[in-house]
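Let me begin by presenting the structure, written as structure tokens, before commenting on it.
Computed from the coordinates by the stated procedures, all read-outs in this text should not be read as laboratory data. A quick note: this is a predicted structure, and the numbers were derived from the prediction, not measured. So basically every Cβ, Gly included, is an ideal-geometry build from the backbone, and we count neighbours across all protein chains shown.
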Amino acid sequence: MVETVTDKKHIDKFYTWLKPRADVDLEVSTSSYIGFEEDSKILGAIFFSNYDTHNIFIHLALDNPKICQKKNIRLMFDYIFNQAKCKRVTATCDNSRNRIKKLVENVGFKKEGLIRSMVNRNNKNIDVVVYGMLNNECRWI
């Protein structure tokens with residue numbers, strides 16, 4: 001059974017797992033997260049960063065499609081729009097990762113632009129797509 005983890009004492013474990021998968025370098029002490037694990041094996045994580053009372057950034061990595069259940073999507077948007085009271089959420093994605101882009105778009109994010117050569121991975125410049133969602137556009141809450 002998939003368990004949801006949000007306890008701050010496990011944040012470093014989930015961040016260590018997320019960091020190479022999501023190409024992020026976050027200030028963990030000011031981030032929050034929702035982790036998903038089964039039999040102590042991490043299946044996915046969503047980190048929330050750069051919260052400024054208006055916008056929050058999300059960083060997502062999943063190793064198992066079990067995490068894409070409606071209840072987990074609702075949990076994420078409930079945190080963003082109801083608990084954190086954000087007016088918008090921002091997500092970025094490597095432009096070459098079509099499965100992730102499709103997932104982000106299918107839950108309701110709008111493509112807002114492309115940032116060329118935003119990330120350098122293995123000495124290769126990566127273009128990043130920027131997505132956004134306003135609270136009144138969210139169909140999950």
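Below, the figures for the structure above:
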{"item": "Cross-link pairs Lys19/Lys124; Lys9/Lys124; Lys9/Lys110; Lys71/Lys102; Lys41/Lys85; Lys19/Lys66 - those with Cα-Cα distance over 28 Å", "result": "Lys9/Lys124; Lys9/Lys110; Lys41/Lys85"}
{"item": "Antiparallel bridge percentage (DSSP; both residues within segment 3-137; nearest 5)", "result": "90"}
{"item": "Packing-based exposure ordering (other Cβ within 10 Å, fewest first) of Cys68, Cys93", "result": "Cys68, Cys93"}
{"item": "Relative contact order [Cα under 8 Å, 6+ residues apart], segment 3-137, whole percent", "result": "17"}
{"item": "Per-residue [θ]222 nm for the chain (sum of -39500 (n - 2.57) over DSSP H runs n ≥ 4, rounded to 500)", "result": "-6000 deg cm²/dmol"}
{"item": "Nearest-20 debye value, the chain charge dipole, Cβ charges on Lys, Arg, Asp, Glu", "result": "420"}
{"item": "Hull shadow area, averaged, segment 3-137 [alpha-carbon convex hull, nm²]", "result": "8.1"}
{"item": "Amide H contacts under 5 Å for Leu43, placed H, 5+ residues apart", "result": "Phe36, Glu37, Glu38"}
{"item": "Sequence of His54, His10 once ranked by neighbouring C-beta atoms within 10 Å, starting from the fewest", "result": "His54, His10"}
{"item": "Calculated from backbone phi, Karplus (6.51, -1.76, 1.60) coupling profile of segment 75-82 in Hz, x at Gly/Pro", "result": "4, 4, 6, 4, 4, 5, 9, 9"}
{"item": "Karplus-derived 3J(HN,Hα), 6.51/-1.76/1.60, for each residue of segment 116-123, Hz, glycine and proline x", "result": "6, 6, 6, 10, 10, 10, 6, 6"}
{"item": "Dipole of segment 1-118, positive end: most advanced residue of Gly113, Val89, Asn55 [Cβ charges, Cα centre]", "result": "Gly113"}
{"item": "Order of Ile80, Ile73 under a 10 Å beta carbon neighbour criterion, fewest first", "result": "Ile73, Ile80"}
{"item": "3J(HN,Hα) from dihedral phi, segment 130-139, Karplus parametrisation 6.51/-1.76/1.60, rounded to Hz, x for glycine, proline", "result": "9, 10, x, 9, 8, 4, 7, 9, 6, 8"}
